[in-house]
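Step one of this worksheet: look at the structure below.
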Amino acid sequence: MFIELAHFALILAFVVAIAQTVVPLVGAAKGWRGWMAFADPAATSQLILVTFAFAVLTWAFVVSDFSVALVYANSHTLKPMLYKVTGVWGNHEGSMLLWVLILALFGASAAWFGGNLPATLKARVLAVQGSISVAFIAFILFTSNPFARLAVPPLDGRDLNPLLQDPGLAFHPPFLYLGYVGLSMTFSFAVAALIEGRVDAAWGRWVRPWTLAAWMFLTVGIALGSWWAYYELGWGGFWFWDPVENASFMPWLIAAALLHSAIVVEKRETLKSWTILLAILAFGFSLLGAFIVRSGVLTSVHAFANDPERGMFILLILGLYLGGALTLFAARAGAMQSQGAFGTVSRESALVLNNILLAVSAFVVFIGTIWPLVAEMVFDRTLSVGPPFFDAAFTPFMVILAIALPLGSLLAWKRGKLGRATGPLVGLVILSVALAGLAYAVYSGRSMVGPVGVALGVWVVGGALLDLWLRAGRGPVGDRLRRITRLPRADWGKSVAHLGMGVTVFGIAAMTAWNVEDIRVVNVGDTYEVGDYAVTLTAIDDIEGPNYLSTMASLSISHKGAEPFVLMPEKRFYPVAQMPTTEAAIDNGFLRDVYAVIGDPQAGGGYAVRVYLKPFANWIWGGAILMSLGGLISLTDRRLRFAVGARKPQAVAAE
């Protein structure tokens, strides 16, 4: 009964979303305040209805209601409770319902916290957001019904994909969707501004917190996915340039560019057209990611295997919203004349360079991701674009970005002086080069990636700290430290995020350059050396988990005669899903990870064992945490929370 009520609630949400789209738009065009005010209760009602539908589906998974086809296909009575709950979004239909729930949540949040927005802009923003809900609820109702019943309920389910039964991946999709769908708000603000023909400093401030929230959630989601791939897939890497990885990375890059360009709109009322375009493209790349994951046109370990008809529906949504927004952008471009001029050497120019590098790097990832599909469709050739292409084509842009970041932060607005900005950085340059030289001397004969990564990491981290120090002004150290604590949280957030980027850059370079890998066949009792570590295979045991069978190895590992520690990697088999998985064992450390994987038994006896020494591995995800924390700190700034400037917005009216 509740399943049918949930389905009906979703249909009602579809009707409410249509009303939320039409009524406020008409009201804003006619100046009817009552019709514009309708958007607020409509957005709240839509959230309540979708939340009810999602809660009922979650309950069906918790109680193992196998009369629901989705529960039968993605759950099992023996599955741990955590994975019963996360099984709700571990499939196509349930994940789309989560997508719509987050879409409704952002719309309702704009209704609740958008009291400072002009009535017409707020009505149009909520109307555009409602129209996006219309498209995706229609997609669920007509192609991906999560509430379909089975005529004869089976006794048990088919279980969730074993690769998804992991804490890291359990929380990865919700954070990723909060980022993906959060960019719909920037899209709604952009389209609403285009309809009004007005983009000003106040608009730049209003759009920043929504972009920042989406970027922050995307950062967490991408980091969780990377961390899961590192320890769950057993290959020892953190990024493979997989199409679905790229699908999340492209909107992250565009959102980062949008964050910086919105600052220019807010501070200097320039780059308006470019900022609007970025807001449209950011959500466009999110829709492209949904198409890649759900259409089946590109294969990936992360993708939902679904029929092409569903992919065509998403492609239609992508074409309708992206094409419509770009058409409106072309029609209104003349109404967004920039008011502020700036010199070649200025903070604005540095942010333009930042935007160019981020946008071009996103385009490089897009070309590498989509080219195999284009080659197959147009040239009838099967191609694979892998890490060598991305490493060679993408990395130079990130190196230039890292070099420019500290310098750009110290330049003055409008017209800066290069000598004044570079003066405080001389000591940082010397320190970065000295540490790079030290790294080269210690690891002589190795790749130059390590020393370059050390230099860039120290440069970016030092630049972030120096920026805070210089913002405190002159005077005694104690006074400057007190003034630093009183700096706006947005300044703190920016510095922490930049610091996190420097840490991640260093971690990636160190792990790539100085990784030690050992693969061999080992018998129980054998001892061998990997780098400075002595490894002994002490036992192989067969164990039984709650819903899997496991072959578990015990590896005793010691470092230079110290007390040994034990790693227990596993090779699991899930009988219901008839699928094996590899469970790596990792001894995490601040300066290194010791990573072990047990393979299959060999014909001549023994087991294949892989042991990796991964220096500074956790710095990669530590940097991502710092970047997300920087975004959160900035969001708590009072100026962004209220999202309204002290001065009244100066409108640039449409012709």
Going through region 76-93 in order, the residues found to be surrounded by 24 or more Cβ atoms within 10 Å (Cβ to Cβ) and within 20 Å of the chain's Cα centre (by Cα) are THR86, TRP89
Out of all the residues in region 453-477, which are at pLDDT 85 or above and farther than 22 Å from ALA497 by Cβ?
PRO476
Yes/no for LEU103 being in contact with a Phe, Trp or Tyr (Cβ under 9 Å, 6 or more places away or on another chain) and assigned to a helix (DSSP H, G or I):
yes
Could you tell me whether region 153-160 includes any residue that is part of a helix (DSSP H, G or I) and over 25 Å from MET1 (Cβ atoms)?
no
Take the conditions surrounded by 13 or more Cβ atoms within 10 Å (Cβ to Cβ), touching a helix residue (DSSP H, G or I) at 6+ places or on another chain (Cβ under 7 Å) and outside the structural domain of PRO406 (by TED's automatic domain parsing) and apply them to VAL364. Does it pass?
yes
Out of all the residues in region 484-496, is one or more touching a residue at least 60 places away in the same chain (Cβ under 8 Å) and among the aliphatic types (A, V, I, L, M)?
yes
Contact list, first residue from region 447-463 and assigned by TED's automatic domain parsing to the domain that holds SER432, second anywhere and buried (at least 24 other Cβ atoms within 10 Å of the Cβ) and of a type in the set (Val, Ile, Thr), beta-carbon distance below 6 Å, six or more apart or interchain, is LEU456/VAL505; GLY457/VAL505
Output the number of residues of region 505-528 satisfying the condition of being part of a helix (DSSP H, G or I), β-branched (Val, Ile, Thr) and buried (at least 22 other Cβ atoms within 10 Å of the Cβ).
2
With respect to GLY419, is the statement that it is within 21 Å of the chain's Cα centre (by Cα) and either at pLDDT below 90 or farther than 30 Å from ALA201 by Cα (or both) true?
no
For the subset of region 51-90 comprising residues that are small (Gly, Ala, Ser) and part of a loop (DSSP other than H, G, I, E, B), which member is nearest to GLY545 (Cα to Cα)?
SER75
Taking GLY386 as the residue in question, decide whether it is in contact (Cβ under 8 Å) with a residue 60 or more places away in the chain, over 30 Å from ILE195 (Cα atoms) and in contact with a helix residue (DSSP H, G or I) (Cβ under 7 Å, 6 or more places away or on another chain).
no
Are any of the residues in region 226-239 more than 24 Å from ILE356 (Cα to Cα), under 11 Å from the mean Cα position of the chain (by Cα) and either modelled with pLDDT under 90 or surrounded by fewer than 24 Cβ atoms within 10 Å (Cβ to Cβ) (or both)?
yes
Evaluate region 75-98: report whether one residue or more is acidic (Asp, Glu) and out of contact with any Leu (no Cβ under 7 Å at 6 or more places or on another chain).
no
Among the candidates LEU176, LEU103, LEU164, single out the residue that is within 25 Å of PRO24 (Cβ to Cβ), touching a residue at least 60 places away in the same chain (Cβ under 8 Å) and under 20 Å from the mean Cα position of the chain (by Cα).
LEU103
Search region 265-278 for residues that are farther than 19 Å from SER184 by Cα and pair each with any residue that is modelled with pLDDT of 90 or more and of a type in the set (Gly, Ala, Ser) when their beta-carbon atoms are under 7 Å apart and the residues are at least 6 apart or on different chains.
LEU271/SER261
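Rundown of residues vs (1) crowded, with 18+ Cβ neighbours inside 10 Å; (2) closer than 24 Å to HIS172 by Cα; (3) assigned by TED's automatic domain parsing to the domain that holds LEU316; (4) modelled with pLDDT of 95 or more, yes/no style:
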| residue | (1), (2), (3), (4) |
| --- | --- |
| VAL100 | yes, yes, no, yes |
| ALA104 | yes, yes, no, yes |
| TRP112 | no, no, no, no |
| ASN116 | no, no, no, no |
| GLY130 | yes, no, no, yes |
| ALA135 | yes, no, no, yes |
| ASN145 | no, yes, no, no |
Under 9 Å between Cβ atoms, which residue pairs at least 6 apart in sequence (or on different chains) link something in region 34-59 that is outside the structural domain of ASN116 (by TED's automatic domain parsing) with a partner that is among the aromatic types (Phe, Trp, Tyr) and in a helix (DSSP H, G or I)?
none
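The values are calculated or read from the model by the stated rules, or taken from the named source; none is laboratory data. Every value quoted in this text rests on a predicted model; they were computed, and no experiment measured them. In this analysis, Cβ positions are derived from the backbone assuming ideal geometry, glycine residues included, and neighbour counts consider all displayed protein chains.
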